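Participant: Take a look at this one; I'll ask things after.
The values are calculated or read from the model by the stated rules, or taken from the named source; none is laboratory data. Quick caveat: nothing in here was measured; it's all calculated off a predicted structure. Positions of Cβ are generated from backbone atoms using ideal geometry, with glycine treated the same way; all protein chains shown enter the neighbour counts. In case anyone asks, the SASA skips ligands and DNA or RNA and just uses the protein heavy atoms, side chains included. Shrake-Rupley method; radii C 1.70, N 1.55, O 1.52, S 1.80 Å.
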Amino acid sequence: MSKLVLRNVSRTFGNFTAVENFNLTLQEGELVSLLGPSGCGKTTTLRMIAGFMAPTSGTIEVDGEVISSPTSSLPPEKRKMSMIFQSYAIWPNMTVAENVGFGLQVRKVKPDEIRRRVNEILEKVQMGALRERYPAELSGGQQQRVALARAIVVKPAVLLLDEPLSNLDANLREEMRFEIRRLHDEFKITTVYVTHDQAEAMVTSDRIAVMNQGRVEQIDAPYALYGRPKTRFVAGFIGRTNFVEGKCDGETVDFGGFSVPRHALQTDASLPQDVLVSIRPQSIHLLKQNPGAGGGRCCAQGQVQRRAYLGEYWDYYVRLPGAAQILRATARAQDVFEVSEPVWIEIDTTQLTVIR
Amino acid sequence: MNEGAARRAAAVAPSVAPSAFGHWWRHLDKSAWVWLLAIAVLLFLVVNPLLRLLLVSFQQPDTGAFTLANYAAAYSRSRYVDALANSLILGVSAASLCLVFGLPLAWALSRTDMPGKGLVWVSILGTFIIPPYLGAVGWILLAGPNAGWLNRLVVELTGMEKGPFNIYSMTGLVLVTACYSFPYVFVFTKSALDLVSSEMEDAANILGSGNLRTTLSITLPLVLPAILAAFILVFLEAIALFGSPALLALPGRFHVVTTQLWQFFEYPPKVSVAAAYSMPLLCITIFLFWLQRRITHRKGYVSLTGKGGERRPIPLGGWKWPMLGYCLFVCTLSFFMPMVVICQAALAKAWGRGFSLDNLTLDNLYFTAFENNLTRNATLNTFLYAGSAAVIAVALALCVAYIVNRQLVGKHVGNLLSFLTMAPFVIPGIVLAIGFYAAYTQPPLVLYGSAWILILAFATRFLPIAYANCNAAIRSINPELEDAVRILGGTRFTAIRRVVAPLLKRSLAGAFILVFIPGTRELSAAIFLTSINTQVLSVLLFDKSDEGNFEMLASIGLILVVITVVLILIGFRLMGRDFMLRRTAA
């Protein structure tokens, strides 16, 4: 059954609309990310779910009970949720064990039981040895683990995470992504995860809601989001891509420099006259010789305009004669082409995504 | 799941009306009542006295009918108007003299390599600690006609018949007032100078300007807004001061506004006339504080907003000894000389017999502190009232700072709360006291005669100090720390009790001390609100000044100073060396 439902939720601040007509349904045990650039309204949405803010229209329901509506909002302390904050919000005046045990104490759990559960969860996040430390004596990663333990130990109805990894350095961030997913797999807590980092969202989430300027652009599983973006914003925000404009002309679509048969482009509705497609850089292959068209591939000859070596791969910018636009392509480190060298590109037409 | 289903069932089961109430009750944030209470207390402490002051000034004392007679009475006699003029003369002259005292000291301590900075700093702190009226007592001992030490010294040295100094004069009053107000100029100017980067001066030097020219044409203009603000503050201090004028002007047979107000309260008290007469004082103060804010908030002096960059002291070369000499001269006037004669008087069998060992005794201090019921009770009262006032002020200020910073009320209500809490800052203590008198001496609420009127008046007077500190403290706490408590099931009060209060312990203790210190020495409000059973040390000291028992006066003063020093030492432990001479504290 659906655990958490946001129905047409909007929030305005004066004239500014922070969140507009947000609809989202989370199943029990699901982890959904809200992903978007800063100022897109994702944190506002999260704070409305937590009850720190009331929506200006729409409702939020947990287990079928309305907890937020424009007229009344259940205070956060009665929502049986927990949250991990961007600053971790570890209380500096309490030890690790006191921090983690706080929620249980408020819920009037017996002291023995609190001790047992705190020890158990601290072992789970590998912080057992540091239980008597004060937060000032912990590293950022350790504080993060305390925050996780503190939020999970109360077995919340919904767990909310607000950019939890943004204050960590790159290596630690990568490690903690997996840690969060591991804990989610173990405890199966319904979770809403706010982040601006697409890799973080893709590693941790069952589904991702991409937000832009207060609206939801697309809600999908990570694979579908990357492979089949529905809007230009999603295609550009999730990974890098080339946007290419084309003209529908009879049975072929001409992109200037190369063309594909009309039936090769998968689309829900009928194809309009002016087509915009997204081509991921890694679905453009570079070759020295003409590979020959056919078999769902299209080819064209061009010239390397600019290139950058990034260690793991090459970044090439290729100009096609007759095309308005320069295409970006990534190639394996051993595929070396010189600048101004003529080069053949090969595109797998199944990898073209029609945006409009 | 099961739990959720059960909860849903519970929500659906009862009939519609109770469930709607239950829904409303469950969704209600119960902490709202406390915020309403805080607003009510502010109305009681700040708004009501001021409204009553205004009202009473337009009322016939017996009938309560509207009249302008009070204003006519207040400004009809030339000596009443003269007192107003005297206050202006006092304010302008004392503030100017403060600049003469304060500016060179601030520059020397902030920007130069002058030796002996520590000594000068301690002396200025010492000056801050001496209550102005105690300084006045010291100066009476120094420059009283005939018997004053300085007069006796001059007679001794020159063989003149009569010493040249008379402290019971406008000149004397200006000098004493300036001595105990110049630390404000010092603090304001020094903190502004501390922000001027040496690179600004280097830029002028490299273009060929010498040190003196650079200081006058670059450094000084940069800190000019701070100096102007300090000038205004000191002017306002001077015209609102009661203690020193009462000790010096009354024997000198002239009046200033505050002493004139006090005369209106001589039996039978003419509250309505006093209220009318206090209006110019109130208006000037409000206007100048507004002006001061305009000056300090003006844009264009961007260099003062940054961190200041690298700073090197300016080498004074041969000039450093004359500079030190001047600094010590100012400190001698304000601190060393008055303190020496006060200690001498407190420890002497008879102060006039001079500095000899056989004149030394601890009897005065012992008698004042322990044996004399009057002074012993006054000491206890001083502690009790200042302490209670500090607790109330800090609690209320914390409440308001919390409400405003956490935006628990709308923006406009928040601004209003903040404004009301800061408002006593622009109300001279003497005017506030008249307001309290007007508001709480008649039914429905009679506080006059009880300790409460003093405690509440002190709390109100120093509420802005508490608020400035609480505000800074609350701002230093990340709201997410409280959000974390709430989302885990704790209420706002749990958050305040378990997280905010423990984290703010030190700053709150600091705020407590910063209110407690002026509370122990408050005179201008206390003098109007005290009664026989609620004497405090400051009032007692003033009352006893008529009797000419300077040994006792000095003893009371010394006890006050000792209390203050102990408190400041505690403050240093809690908040670091700077806490008294910081600008926010001033």
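Participant: Where a ≥ b ≥ c are the square roots of the eigenvalues of the C-alpha gyration tensor, would you call the stretch B:15-114 rounded, which needs a/c under 1.5, or, failing that, prolate if a/b is larger than b/c, or oblate? Present the calculation step by step, with values, prior to reporting the outcome.
Facilitator: Numbers: a/c = 8.56, a/b = 1.46, b/c = 5.85.
Since a/c reaches 1.5 but b/c is at least a/b, the shape of the stretch B:15-114 is classed as oblate.
Participant: Further question on the same structure: What lysines could a cross-link reach from B:LYS190, if we take a straight Cα to Cα line under 16 Å and drop same-chain neighbours fewer than 8 places away?
Facilitator: B:LYS117, B:LYS307
Participant: Still on this structure, I have one more. Non-local amide H neighbours of A:ALA300 (under 5 Å, H modeled in plane, Pro and chain starts lacking H): which ones?
Facilitator: Excluding prolines and chain starts, which carry no amide H, the hits are A:ILE345.
Participant: Taking R0 as 60 Å, what FRET efficiency do you get between B:PHE383 and A:PHE13 from their Cβ-Cβ distance, rounded to the nearest 0.05? Please report the intermediate quantities before stating the final value.
Facilitator: Working: r = 49 Å, r/R0 = 0.82.
It comes to 0.75.
Participant: Go ahead and run the numbers for FRET between B:THR158 and B:GLU547, Cβ-Cβ distance against an R0 of 41 Å, rounding to 0.05.
Facilitator: Numbers: r = 32 Å, r/R0 = 0.79.
With R0 = 41 Å, the Cβ-Cβ based efficiency is 0.80.
Participant: For labels at A:SER259 and A:LEU271 in the simple 7 Å Cα→Cβ model, what's the distance in nm?
Facilitator: Each label point is offset 7 Å from its Cα along the Cβ direction, giving 1.1 nm.
Participant: Under the 0.36 nm per residue contour assumption, what length would be gained going from the current alpha-carbon distance of B:PHE336 and B:VAL47 to full extension?
Facilitator: Numbers: separation 289, 0.36 × 289 = 104.04 nm, distance 4.22 nm.
Here the answer is 99.8 nm.
Participant: Only sites in a loop by DSSP and with at most 16 other Cβ atoms within 10 Å count here; which trypsin sites (Lys or Arg not before Pro) in the stretch A:184-280 make the cut? Present the calculation step by step, with values, prior to reporting the outcome.
Facilitator: On the way: sites: A:LYS188, A:ARG207, A:ARG215, A:LYS230, A:ARG232, A:ARG240, A:LYS247, A:ARG262; in loops: A:LYS188, A:LYS230, A:ARG240.
Loop-located and lightly packed - A:LYS188, A:ARG240.
Participant: Size of the dipole of the stretch A:240-354 about the Cα centre, Lys and Arg at +1 and Asp and Glu at -1 on the beta carbon, nothing else charged, in debye to 20? Mind dumping the intermediate values first?
Facilitator: Working: 11 positive and 13 negative charges, 51 e Å.
Value, rounded to 20: 240 debye.
Participant: Give me the inter-chain shielding for A:87-99: mean count of other chain Cβ atoms within 10 Å, whole number please.
Facilitator: Values: counts 6, 4, 10, 3, 10, 5, 8, 3, 0, 0, 0, 1, 2.
Mean inter-chain Cβ contacts per residue within 10 Å come to 4.
Participant: List the aspartates and glutamates whose Cα sits under 12 Å from the Cα of A:LYS288, skipping any in the same chain fewer than 8 residues away.
Facilitator: Within the straight-line limit of under 12 Å, A:LYS288 reaches these aspartates and glutamates: A:ASP335, A:GLU338, A:GLU341, A:GLU346.
Participant: Label points 7 Å out from Cα along the Cβ direction at B:PHE21 and A:LEU172: separation in nm?
Facilitator: Reported label-point gap for B:PHE21 and A:LEU172 is 5.3 nm.
Participant: Can I ask one more? Along the charge dipole of the stretch B:152-292, Cβ charges K/R +1 and D/E -1, which of B:LEU224, B:ASN211, B:PRO245 sits furthest on the positive end?
Facilitator: In the stretch B:152-292, that residue is B:PRO245.
Participant: Right, another one. Determine which residues of the stretch B:329-356 fall in the zone a paramagnetic label at B:GLU371 would reach in this model, i.e. backbone nitrogen under 18 Å from the point 7 Å along Cα→Cβ.
Facilitator: B:345-351
Participant: Now a separate question. Given H placed on each backbone N at 1.01 Å, which residues far from A:VAL194 in sequence or on other chains put an amide H within less than 5 Å of it?
Facilitator: HN-HN under 5 Å from A:VAL194: A:LEU34, A:LEU161, A:ASP162, A:GLU163.
Participant: Relative to the present Cα-Cα distance, how much length would full extension add between B:PHE419 and B:SER531 at 0.36 nm per residue of separation?
Facilitator: 37.2 nm
Participant: Under the rule of at least 5 residues apart or a separate chain, name every residue whose amide H is placed under 5 Å from the amide H of A:GLU28.
Facilitator: It is A:LYS3, by chain and number.
Participant: Would you kindly state the longest site-free stretch of chain B, with sites defined as GluC sites (Glu not before Pro) in a DSSP loop (not H, G, I, E, B) surrounded by at most 13 other Cβ atoms within 10 Å?
Facilitator: On the way: sites that count: B:GLU161, B:GLU266, B:GLU310.
Segment B:311-586 is the longest.
Participant: With θ set to phi - 60° and the Karplus curve 6.51 cos²θ - 1.76 cosθ + 1.60, what are the ³J(HN,Hα) couplings of the stretch B:473-487 in order, to the nearest whole Hz, using x for Gly and Pro?
Facilitator: Karplus values, whole Hz, x for Gly and Pro: 5, 4, 4, 7, 9, 5, x, 4, 4, 7, 4, 4, 5, 5, 5.
Participant: Give the relative contact order (percent, whole number) for chain B; include only Cα pairs under 8 Å separated by 6+ residues.
Facilitator: Working: 788 pairs, mean separation 114.4, N = 586.
Normalised by residue count, the contact order of chain B is 20 percent.
Participant: Using only the alpha-carbon atoms, how far is helix B:411-422 inclined from the longest principal axis of chain B? Give it as 0 to 90 degrees, nearest 10.
Facilitator: That works out to roughly 30 degrees.
Participant: Determine the total buried accessible area between chain A and chain B, counting protein heavy atoms only with a 1.4 Å probe; round to the nearest 100 Å². Working shown, then result.
Facilitator: Values: alone 17050 and 27480 Å², together 41550 Å².
What A and B bury together is about 3000 Å².
Participant: Give me the accessible area of B:HIS23, 1.4 Å probe, in Å² rounded to the nearest 10.
Facilitator: It works out to around 80 Å².
Participant: Then there's this: For the stretch A:54-59, what does the Karplus curve 6.51 cos²θ - 1.76 cosθ + 1.60, with θ = phi - 60°, yield as ³J(HN,Hα) per residue in whole Hz, taken in order and with x for Gly and Pro?
Facilitator: 9, x, 7, 7, x, 9
Participant: Using the Karplus curve 6.51 cos²θ - 1.76 cosθ + 1.60 with θ = phi - 60°, work out ³J(HN,Hα) for each residue of the stretch A:67-73 in order, rounded to whole Hz, and write x for Gly and Pro.
Facilitator: Each residue of the stretch A:67-73 in turn: 10, 9, 8, x, 8, 8, 9 Hz.
Participant: Could I ask something else about it? If you roll a 1.4 Å probe over the protein assembly as shown with all protein chains in place, what percent of the accessible area is carbon or sulfur? Let's see the in-between values first.
Facilitator: On the way: 24890 of 41550 Å².
Its accessible area is 60 percent carbon and sulfur atoms.
Participant: Kindly report the accessible area of the protein assembly as shown per residue (heavy atoms of protein chains, probe 1.4 Å, no ligands, DNA or RNA), in Å². Write down the numbers at each step before the final one.
Facilitator: Working: 41550 Å² over 942 residues.
Result: 44 Å² of accessible area for each residue.
Participant: Further question: Okay, which of the stretch A:1-43 sit inside 20 Å, backbone N to the point 7 Å along the Cα-Cβ direction of A:GLN213?
Facilitator: A:9-23, A:35-43
Participant: Let me ask something else. Hey, which of these cross-link pairs are over 20 Å Cα-Cα: A:LYS110/B:LYS505; A:LYS80/A:LYS155; A:LYS3/A:LYS230; A:LYS78/A:LYS108; A:LYS108/B:LYS505; A:LYS3/A:LYS110? Provide the component values of the computation, followed by the final result.
Facilitator: Details: A:LYS110/B:LYS505 29 Å; A:LYS80/A:LYS155 9 Å; A:LYS3/A:LYS230 26 Å; A:LYS78/A:LYS108 14 Å; A:LYS108/B:LYS505 27 Å; A:LYS3/A:LYS110 29 Å.
Cα-Cα > 20 Å for A:LYS110/B:LYS505; A:LYS3/A:LYS230; A:LYS108/B:LYS505; A:LYS3/A:LYS110; rest within.
Participant: Taking the Cα centre as origin and putting +1 on Lys and Arg beta-carbons and -1 on Asp and Glu beta-carbons, what dipole magnitude results for chain B, to the nearest 20 debye? Could you put the intermediate results ahead of the total?
Facilitator: On the way: 42 positive and 26 negative charges, 319 e Å.
That gives chain B a dipole magnitude of about 1540 debye.
Participant: Further question on the same structure: Expressed in nm to one decimal, what extension gain is obtained for the pair B:TRP321 and B:LEU357 from 0.36 nm per residue of sequence separation less their Cα-Cα distance? Mind showing how you got there, number by number?
Facilitator: Numbers: separation 36, 0.36 × 36 = 12.96 nm, distance 3.43 nm.
Going from the current span to full extension adds 9.5 nm.
Participant: Kindly state, to the nearest 0.05, the FRET efficiency for B:LEU574 paired with B:LEU228, given R0 = 25 Å and r defined as their beta-carbon distance.
Facilitator: On the way: r = 33 Å, r/R0 = 1.31.
Between B:LEU574 and B:LEU228 the formula returns 0.15.
Participant: Follow-up question, since we're still on this one. Among B:ALA345, B:LEU445, B:ALA554, which residue has its Cα positioned farthest towards the positive end of the charge dipole of chain B, with +1 placed on the Cβ of Lys and Arg, -1 on the Cβ of Asp and Glu, and the dipole taken about the Cα centre?
Facilitator: Of the candidates, B:LEU445 comes out farthest on the positive side.
Participant: Right, another one. Quick check on chain A: take the gyration tensor over C-alpha atoms, sort the square-rooted eigenvalues as a ≥ b ≥ c, and tell me if it's rounded (a/c under 1.5), prolate or oblate. All intermediate terms of the calculation are to be shown ahead of the outcome.
Facilitator: On the way: a/c = 3.06, a/b = 1.86, b/c = 1.65.
Since a/c reaches 1.5 and a/b is larger than b/c, the shape of chain A is classed as prolate.
Participant: Where a ≥ b ≥ c are the square roots of the eigenvalues of the C-alpha gyration tensor, would you call the stretch B:41-184 rounded, which needs a/c under 1.5, or, failing that, prolate if a/b is larger than b/c, or oblate? Intermediate values should be presented prior to the final figure.
Facilitator: Numbers: a/c = 2.93, a/b = 1.59, b/c = 1.84.
It comes out oblate by the Cα gyration axes.
Participant: Given points 7 Å out from each Cα along the Cα-Cβ axis, report the B:SER476 to A:GLU123 separation in nanometres with one decimal.
Facilitator: Between B:SER476 and A:GLU123, the simple spin-label model gives 4.0 nm.
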